[in-house]
Amino acid sequence: MEASGAERAWDQRGRPVSWRRTLWTMCAVQAIMMMAFSSMNPFLALFIGQLGVHNPRAVDLWAGVVASANFLMSAIMSPVWGSVADKRGKKLMVMRTTLAIAIATSLMGFSRNVYELLFIRMLQGAFSGFSASANALVASTIPEERLGFALGWLSTFAMVGSLVGPLLGGVLVDAFHHNYRIVFHLTAAFATTAFLLTWAMIRESKTSTNESNGMGRRIGLIGQFKAVRDLRTVQVMFFVLFAAQFSVMSVQPVLPLYIRELVGRDPQLFGVIGTLSGACFAVTGIADLIFSPFLGKRSDRIGYRKVLSISLVGAALCYIPQALAPNVWVFMLGRFLLGAFIGGILPTANALVGRMTPKEMRGRVYGLTASSTFLGSFAGPLVGGAVSAGFGIRVMLAAVILLYLANFAWVRWRVPEWREGEERPSAHTGA
């Protein structure tokens, strides 16, 4: 097979750059980083209790604040790191974020109180942005005709890491007798491994670094908003994406506390709360991984809005057994069923956005839709923790049901169905 242009690329030192080597290395790094980042989910709320926050309602509230802090800082700092990537290169940005996450995660293990933990989480968010850096690095190396293939594999490995991480974190917590500090340091070692792997294996092409040094022109956030102001059908999708991500993330900070409540004082289960929490995170991801490709194929055939509507209603119904769960096993079943439906929400919504958007504007539009989901990741844990603290976790789960149904109503009312051959709105932007 004839080598592509990307296969014949050279780095600054005259060494050949293989897009296949870049892709599979970044897939491994992506899995490691997602595993490291998600491994603390099952015990973060429990660690807050060890830091001197004893009131259960206060723990709920702090869990939401701490879980949200890094997303807020990431939203603020992402444009800054994007500018640095344009000037200094994308490999350097991947190395920067892997090393920063390793250092910040290790520092969490030395936290003496919840305020120090919050501050370190904010630092972690300020220096994060790994997935965006990894996607940019791969996209700058992969041949255009292989871009979908490459980013698809990158997403798959990210999902694998997200599945393994919570389960591994829960098992380690139980193995070290709930010594959360040791687990933070082990997680930091994973991120350090990703840093070393990137440093040793990745070569950035000379063309890519030349572009990074100013060959392209970046458009500011205000300019991006102006560029999509005429795409009314795309704008209505921002709420869909925000609400979907908000609904998923609102449960995460208090999930370990709810599992502890369901377990009660059962001597056979109380000693493995960490493992159970990790399993409840993992089963949702497993179902997502299984059903997401299935729903994606169906959306191409029966319609994006129809699949999106079915997924939203299905997700709402799956929260009913979670809110009414008499034991942890019913709750876990509800979490698995939820994964089967949420796998059809974000991919289908993003596919519909792509269909509605002119090709020359897709990068800008997807940047704004990413901001919507990012904002949902920030607001979800914060509001979920506050509602759980004020009214109880079951009430918060009931509120999520209503939010999914509201999102469904929005889709049926405002989101049009895409039909093949339909003319897209043209881009009216000189940016």
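Leaving out ligands and nucleic acids, and using a 1.4 Å probe, what accessible area per residue does segment 301-358 come to in Å²?
On a per-residue basis, 35 Å².
What full-extension length gain, to one decimal in nm, is calculated for TRP153 and VAL236 as 0.36 nm per residue of separation minus the Cα-Cα distance?
Full-extension gain reported as 27.0 nm.
If each residue of separation counts as 0.36 nm, what is the full-extension length gain between GLU417 and LEU405 once their alpha-carbon separation is subtracted?
2.4 nm
Going 7 Å from the Cα of HIS178 toward and past its Cβ, which residues in segment 15-55 have a backbone nitrogen under 12 Å from where you end up?
Correct set: 46-51.
With the crude spin-label approximation of a point 7 Å out along Cα→Cβ, what separation in nm comes out for ALA58 versus LEU333?
Between ALA58 and LEU333, the label points sit 3.8 nm apart.
The values are calculated or read from the model by the stated rules, or taken from the named source; none is laboratory data. Keep in mind that what you see is a predicted model, and the values were worked out from it rather than measured. Counting neighbours? That spans all protein chains shown, and the Cβs are built from the backbone with ideal geometry, glycine included. Accessible surface is based on the protein model in full, side chains and every heavy atom, while ligands, DNA and RNA are left aside. Shrake-Rupley method; radii C 1.70, N 1.55, O 1.52, S 1.80 Å.
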